[in-house]
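Colleague: What follows is a structure written as C-alpha cells; I'll ask about it next.
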Amino acid sequence: MIKVQFVNYFRQILICCGLVVASLAVFPQNKELNTKSEKNVEFVKENFEKAHRGKLKDALSAIKDGDKYFEQGRKGYKKALAYYLKANRFNPNNAKLNYKIGICFLMGTIYKLKSISYFEKAQLLDPNVDSEFHYYLGQSYQINSEWDKAIAAYNEFIKSNPESPKQDAARKKIEESKNGLEITARKPRTVIENLGEVINTKTAEYGPVISTDESVLIFTSRREGTIGGKKDPDMNEYYEDLYISYNEGGRWTSPQNMKEPVNDDGHDASVSLSPDGQRLLIYRLGDIYECDLKGDKWTRPKKLGKNINDPNYHESSASLSFDGQWLFFVSQRPGGFGGRDIYKSKWNTKKERWEKAENIGPAINTAYDEESVFIHPDGKTLYFSSKGHNTMGGHDIFMTVHEKGKWEKPINLGAPVNSPDDDLFFVLSASGEHGYYSSFKTNGFGEKDIYKVTFITDEPEEAKKNITVLQGFFLDRQTLNPISATLEIFDIEEGVLVGMIQSDPETGEYYIELPSGKKYGFTVTAKGHLLHYENFSSEPEGQFLRIEKTIELDQLPPDEIDALSAKYADNPTFRFMGFLLDDQTLKPLQATIQIINLDDGSVFITTTTNAKGEYSIKLPRDKHFAYRILSKGHLLQAANLPLPEDSEVIINRDINLKPLAYMEQPELKTMHTSDKKLTVLKGFFREAETLAPIEATIEIFDLEDGTLIGTFTSNSKTGKYLITLPSGKNYGITVKADGHLFHSENFNIPASGGFKEISKDVILEKIKTGSKIVLNNVFFGYGKYSLRKESEMELEKVQAMLIDNPNIKVEISGHTDDISSAAYNQRLSEQRAKTVVSQLVAKGIPKERLIYKGYGESKPIASNDTETGRQRNRRTEFKIISE
C-alpha cells in the first residue's frame, strides 16, 4: 500500500513537473507562447494551464468576433484582423489563425506583404491548414515579386485541388507571374518619384489629372477635412473629395479642397481634365459629371447624357480628346468583352449631346476589367489599366496607338511603373516626358500615393561619347513633301568646313555626328529652293547632345528671269560688291565668300575679301543666287540675293558679321526623352489699349478641308489659353472677342514634327479707325496672286466682320519680303491685295467699302536676313480707315 501510494505520489510529481515544463514551454516568463514552436496549438483548455483559462476565453471570444467579419469577405477583413491579432498575441502557434491573419493582411489592408510571415508560420505549423492555402500563399509571393515561389505555390494548389472553382484563376496567376519574371528582367526605362508629403498623406491619394503643360494638378483624397466630414462605415475612411495644386517654379503648392459645388458631402472623385485645364470631369454616384472653369470659379457639376451614363450600370473613368470631340470612358454595361470595358462617344455639335457610345474593340478590351482610360493630347495614343493582356498582377498600365484605322497591340509600361498590385489613373504630359499615376508602394506615405514618372530612352552607344547628333527632315515648305538637300556644317571658331551630307531623297531624313563642345554654323541648299542657314552651340564639352530639327525650304519664286535676261541681253551681268566688317568694332574682316547657284544647289564661285574687307563678284543675270560668308571667330552668315532691278548693274551691300559671343539659339531644341508629335500653344489674350485680360473664343480649323476641329474659350479672369495641336495637319486658328478685330494664326505642322511648346500672348484690337490685323490665313501660290483654297475660311471671317460692322471702310494691303526686285515685289503685292478685295466683293461686300494697296517690300515688320523674318514680312493686312 505504501508502495502504491509512493508510486502514485511520484507519478503526480512527474505529472506536475511535466505540466511545469510544458507551461514553461508554452508560457515563458512573459506569459506568451513560444513563437518559434513548430507544433500547432489549438485553442482548447487542455493546451493551457488553469491560470490562463481566462485569457483563453478572451482569445476565443476575439476569434468568434473576428469570424463574423471574416465571413463578410473583403469588406470585413480589416475589422476581423484586429480581433485575430488580439487572439494571436495569446497563442501565436495556431495554424488556422495565422492563415486567417494572412488572408486579412493580403485582402483587407495596404500591408499585404505582412501576410507572408503569417502564411509561412501557418505552413510550418500545419501544411494542410486549408485546401486553398497555397492559392493565397501564391498571391502573397506574387505581390512581393517572388515569382518562382508564387508559381510553385499556385501549381501546388492546382495539383491538390483539381475540382476547385479557383483552378482557372490560379492558372491565370501563374501566367501573370511568368509575365512578371519577363517584365522585371527588362532594363528600367523610367524613374519613379513620389510627389512627396506636400501632395501625399497617410490616407489615400489617387486619380491625378493634369493640364497638358503640367501647371495644374487635381486629384482625389480621403484625408481629413473633406466636405461634410463623413466616413465610410465599412472602411472607416473619409469620403472622397477633389483637391487642386499648382506648379510654381517646379514645385507643387499645398493642395486646397475644391469645395462646393465641385465637392459635396458624398463621394466625389477626379476623372479627367481637358488639356487646357478648363473642363473637369468628376465621378459621383456611379456616373460621370462635368464642371467648367469660369474665371476662378467652377460651375456646378452637370451629369453627362444618357449615352454616357447608364442608370443601371457603373461608369468609373473617362478622358476627353484634345479637341473635346471624343470622350473615352469605362463602363460595366452589357454587350462588352467581359467585366469593365472602354467605350468612346463623339460629340454632336448640332444637337449638343454625346452620340451613342461604341465599344473600342477586342484589341484593347479583354475578358477581364479595363479601367482608368486616358487619351493623350496627340489624339492617337491611349493609356489604360487592365487586368488582362500581359499584366503581372492586378491592374497594369498599358499603352496603345491608333494607326491606319486600328488600335495597335497594347504595350505594358513595365516595371517600376507597374507592380504586381493595382496601378491606376495614369496621365501623361503633352511632351510625353512626365506621367502621373497612383500606386501603393511599401516606401510610400501610407495608403495609395501619387507618383511622377520620368521616361528615359535607351540611348545608343554613341550616348556614351562626346558627340552631338544633329538629325531631322528636310521638307518643301509649300508641299511638305520630303526633298533631297545638302547640309554643310562649319566650325565657326576655326572658320572651316567640318561636314557635308545629303538627305535621303525619299524621306528627306538627315543625320550627322559632330564633336561636342564647339560652335557650329550650317547651311541647307536644295535644287530650286532658297537657302537656309543657322548657328548653334554644342557646349559644354564631354556631353552627349541630340538635336532634332525639321527644316522647311521655300521654293524659288517663278519670277521674270528669262524676260529680264532678254530685255538686257546687251548687259547680261551685274556686280555684287561691298565690305565685310566686324559688327562690334567695325574693323574690316578677312573672310571666305561663296556664291551658291540656287537653281541647281551648286557652289558657283568662291572668293575672299582683301585686307580692307572689300569684295567684288561678277554674276550673270539669268540665275538665282545666295551667298555664304565664313570668317574665323564670327557667326556664319548667309542670305538669298535679290534679282537686280531693271537695268541695275551693281548690288552694293556692306555686311557686318557678329562675333561668337552674340550667338543665339532660339530655334534648336534638345530632345532626350519625348517622341510625342504635337505642338502646345499657350499664353494670354489681352485688350490692346489697357493690356487687361480678355475672354475670347478660339476656333481651330483644318485648312485642308475646312472642317472645324474644336472650339475653346480662354479663362475669363486671367485671359489664359492653352491648346494642343497634334502633328500632321495644317491648322488655322481664329481668336474672337466681342467688339474686337479677330486674330488669326497658321500652324502647318508636318507629321514628322516633334514636340514643341510655343508661348504667345495675343493682343486684340478694338474695332475702330486705325486698327489693323494681319490675315495670317490668307495664302497665295509662291510668286502668284491667285488665292489658295485654304484662304476661304479667313475670307469668310473678314466677310462676317464687315457684315456685323456695316459702317466701317477698310484697306486691304499686300506686303512682300525683299527677295526678287523691288519693282516685281510692288506689282505682286498690289495684285494680291486686289485679289482679296475682288473675292470680298464677290461675297457681297460693297466695293465702296474696300480699297486695296500694295506696299511691296517697303514696310517690313521683321528682318529680311532670316527666313523667319521674311515669312513675317510676306503678309496681307486688314486696316480700318473709317467708321
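Colleague: Please enumerate the residues belonging to the range 588-607 that are closer than 16 Å to LEU635 by Cβ and free of Cβ contacts under 8 Å to residues at least 40 places away in the same chain.
Modeller: Taking the range 588-607 and keeping what is closer than 16 Å to LEU635 by Cβ, we get 589-594.
Passing the criteria: ILE593, GLN594.
Colleague: Against the condition under 19 Å from GLN478 (Cβ atoms) and buried (at least 21 other Cβ atoms within 10 Å of the Cβ), how does SER820 come out, does it pass? Let's see the steps before the verdict.
Modeller: Details: under 19 Å from GLN478 (Cβ atoms): yes; buried (at least 21 other Cβ atoms within 10 Å of the Cβ): yes.
Criteria met by SER820.
Colleague: Tell me yes or no: at least one residue of the range 743-753 is farther than 17 Å from ALA430 by Cβ, over 25 Å from the mean Cα position of the chain (by Cα) and not aromatic (Phe, Trp, Tyr).
Modeller: There is at least one residue in the range 743-753 that is farther than 17 Å from ALA430 by Cβ, over 25 Å from the mean Cα position of the chain (by Cα) and not aromatic (Phe, Trp, Tyr).
Colleague: Among the residues of the range 761-813, write down those that are under 35 Å from the mean Cα position of the chain (by Cα) and of a type in the set (Gly, Ala, Ser).
Modeller: SER791
Colleague: When the range 167-191 is examined, which residues are found to be among the basic types (Lys, Arg), part of a loop (DSSP other than H, G, I, E, B) and loosely packed, with under 15 Cβ neighbours inside 10 Å?
Modeller: Within the range 167-191, ARG186, LYS187 qualify.
Colleague: Search the range 385-432 for residues being of a type in the set (A, V, I, L, M) and assigned to a loop (DSSP other than H, G, I, E, B), and hand back the single one that is surrounded by the most Cβ atoms within 10 Å (Cβ to Cβ).
Modeller: ALA430
Colleague: Search the range 620-640 for residues being in a loop (DSSP other than H, G, I, E, B) and surrounded by fewer than 22 Cβ atoms within 10 Å (Cβ to Cβ), and hand back the single one that is nearest to the chain's Cα centre (by Cα). Steps first, answer last, please.
Modeller: Of the residues in the range 620-640, the ones in a loop (DSSP other than H, G, I, E, B) are 621-624, 631-633, 635-636.
Imposing the further condition that a residue be surrounded by fewer than 22 Cβ atoms within 10 Å (Cβ to Cβ) reduces the set to 621-623, 632-633.
Numbers: ARG621: 52, ASP622: 51, LYS623: 47, LYS632: 42, GLY633: 41 Å.
Among them, the one singled out is GLY633.
Colleague: Next up: In this structure, does PHE48 turn out to be under 60 Å from the mean Cα position of the chain (by Cα) and either at pLDDT 90 or above or polar (S, T, N, Q) (or both)?
Modeller: So PHE48 fails the test.
Colleague: With the range 264-331 as the region, which strands (runs of 3 or more DSSP E) entirely inside it contain at least 1 residues that are within 25 Å of TYR246 (Cα to Cα) and assigned by TED's automatic domain parsing to the domain that holds TYR239? Steps first, please.
Modeller: On the way: elements: 269-273, 279-284, 287-294, 315-320, 326-331.
So the answer is 269-273, 279-284, 287-294, 315-320.
Colleague: What number of residues within the range 705-726 satisfy the criterion of being part of a loop (DSSP other than H, G, I, E, B) and in contact with a Lys or Arg (Cβ under 7 Å, 6 or more places away or on another chain)?
Modeller: Qualifying residue count for the region: 3.
Colleague: Conditions first: (1) outside any helix (DSSP H, G or I); (2) closer than 28 Å to ASN864 by Cα; (3) β-branched (Val, Ile, Thr). ILE845 passes all but one, so which condition is the exception?
Modeller: With respect to (1) outside any helix (DSSP H, G or I); (2) closer than 28 Å to ASN864 by Cα; (3) β-branched (Val, Ile, Thr), ILE845 is out only on (2).
Colleague: Now a separate question. Just need a number here: residues in the range 848-873 that are loosely packed, with under 15 Cβ neighbours inside 10 Å, in a loop (DSSP other than H, G, I, E, B) and over 43 Å from the mean Cα position of the chain (by Cα).
Modeller: Of the residues in the range 848-873, 1 are loosely packed, with under 15 Cβ neighbours inside 10 Å, in a loop (DSSP other than H, G, I, E, B) and over 43 Å from the mean Cα position of the chain (by Cα).
Colleague: Can you spot a residue in the range 223-234 that is in a strand (DSSP E or B) and without any contact (Cβ under 8 Å) to a residue 40 or more places away in the chain?
Modeller: Taking the range 223-234 first, the residues in a strand (DSSP E or B) are 231-232.
With without any contact (Cβ under 8 Å) to a residue 40 or more places away in the chain added as a condition, the list becomes 231-232.
The answer is yes, given that some residue of the range 223-234 is in a strand (DSSP E or B) and without any contact (Cβ under 8 Å) to a residue 40 or more places away in the chain.
Colleague: Being modelled with pLDDT under 95 and within 42 Å of the chain's Cα centre (by Cα) is the requirement here; does THR876 meet it?
Modeller: no
The values are calculated or read from the model by the stated rules, or taken from the named source; none is laboratory data. No experiment lies behind these values; they were computed from the predicted model shown. FYI the Cβ positions are ideal-geometry reconstructions off the backbone, even for glycines, and counts take in every protein chain you see.
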